[in-house]
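Here the structure comes first, spelled out in structure tokens, and everything after it is commentary.
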Amino acid sequence: MENYSLESLPASDLRKRRITRILLLIWLALGLVVAGILCYVVSQAFRPPPIARIYVGDVNEYPANSVNLEYVNADFFDPTANRQVETLPLQVVRDANGNFTVFFARSTRQAEAILIPRTCVVEWDDSLEKFLELCGGAQWNRDGSYAAGPAPRDLDRFPAHIENGQLWIDLMLENGAPRS
């Protein structure tokens, strides 16, 4: 049996080692490329969908200290009613300073929420200065906070934005705070 050092290896063994190293580097590079592609695919799969914006109306349509019922078309999944809603009933509230709050004009109780968009809509009553949902008897104050009835929480709302004199909402429902 012969002993070889690296310097004294036969040429064929040296060539095999070089080829092995080159193949190893190629496989490593391919592995890194595949790992990068997998990371990208997984990150895209778990990335939240972009938030859709819906046009509600022109700002000058809403006078200061007003509450207006609006219906907008949107393909929206209502988690309280556990179903798709094509027409969103909205209560657009504008305060004296010109700030907007847009409430989802349906009860926060599931039994009544499934009946929207045309029945059991939360209406504004000027004489009581409260939002009323007549199917279940729930009431909310102008700021959307719970006032009375079987509702489990404050009114749900959509984030409102003003751009170029137009009122827009993000289709990202913010649940009202639980009643205390």
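Quick notes on this structure:
- Cross-chain or 6+ apart pairs with Cβ under 8 Å, the range 74-87 first and under 19 Å from ARG157 (Cβ atoms), then hydroxyl-bearing (Ser, Thr, Tyr) and in a loop (DSSP other than H, G, I, E, B): THR80/THR108
- Segments classed as strands (runs of 3 or more DSSP E), wholly inside the range 118-180, with at least 3 members that are at pLDDT 95 or above and closer than 23 Å to VAL85 by Cβ: 166-170
- So GLU133, is it crowded, with 22+ Cβ neighbours inside 10 Å and either charged (D, E, K, R) or over 16 Å from GLY57 (Cα atoms) (or both): yes
- The range 111-121, subset more than 19 Å from MET172 (Cα to Cα) and among the aliphatic types (A, V, I, L, M), residue surrounded by the most Cβ atoms within 10 Å (Cβ to Cβ): VAL121
- Put simply, of ASP125, ASP58 the only residue that is loosely packed, with under 15 Cβ neighbours inside 10 Å, free of Cβ contacts under 8 Å to residues at least 40 places away in the same chain, of a type in the set (D, E, K, R) and on the phi < 0 side of the Ramachandran plot is ASP125.
- Filter result for VAL67 (at pLDDT below 90, under 30 Å from ALA160 (Cβ atoms), touching a Phe, Trp or Tyr at 6+ places or on another chain (Cβ under 8 Å) and surrounded by 12 or more Cβ atoms within 10 Å (Cβ to Cβ)): no
- 3 or more residues over 18 Å from ILE169 (Cβ atoms): qualifying strands (runs of 3 or more DSSP E) within the range 1-110: none
- Counted residues, the range 70-114 - those being out of contact with any Asp or Glu (no Cβ under 9 Å at 6 or more places or on another chain) and of a type in the set (Lys, Arg): 2
- The set of residues in the range 102-138 being out of contact with any Lys or Arg (no Cβ under 6 Å at 6 or more places or on another chain) and among the hydroxyl-bearing types (Ser, Thr, Tyr) consists of SER107, THR119, SER127.
- A Cβ distance below 7 Å, combined with a sequence gap of six or more or placement on separate chains, defines the contacts here; from the range 169-180, residues that are touching a residue at least 40 places away in the same chain (Cβ under 8 Å) reach residues that are among the β-branched types (Val, Ile, Thr) in the pairs ILE169/ILE54; ILE169/VAL56; ILE169/VAL102; ASP170/ILE51; LEU171/ILE51; LEU171/ILE54; MET172/ILE51; GLY176/THR108.
- Residue in the range 86-96 that is under 21 Å from ASP143 (Cα atoms), in the same structural domain as HIS161 (by TED's automatic domain parsing) and surrounded by fewer than 20 Cβ atoms within 10 Å (Cβ to Cβ) present: yes
The values are calculated or read from the model by the stated rules, or taken from the named source; none is laboratory data. Worth saying up front: this structure is predicted, and the values here are computed from it rather than measured. Note: ideal-geometry Cβ built from the backbone for every residue, glycine included; neighbour counts use all protein chains shown.
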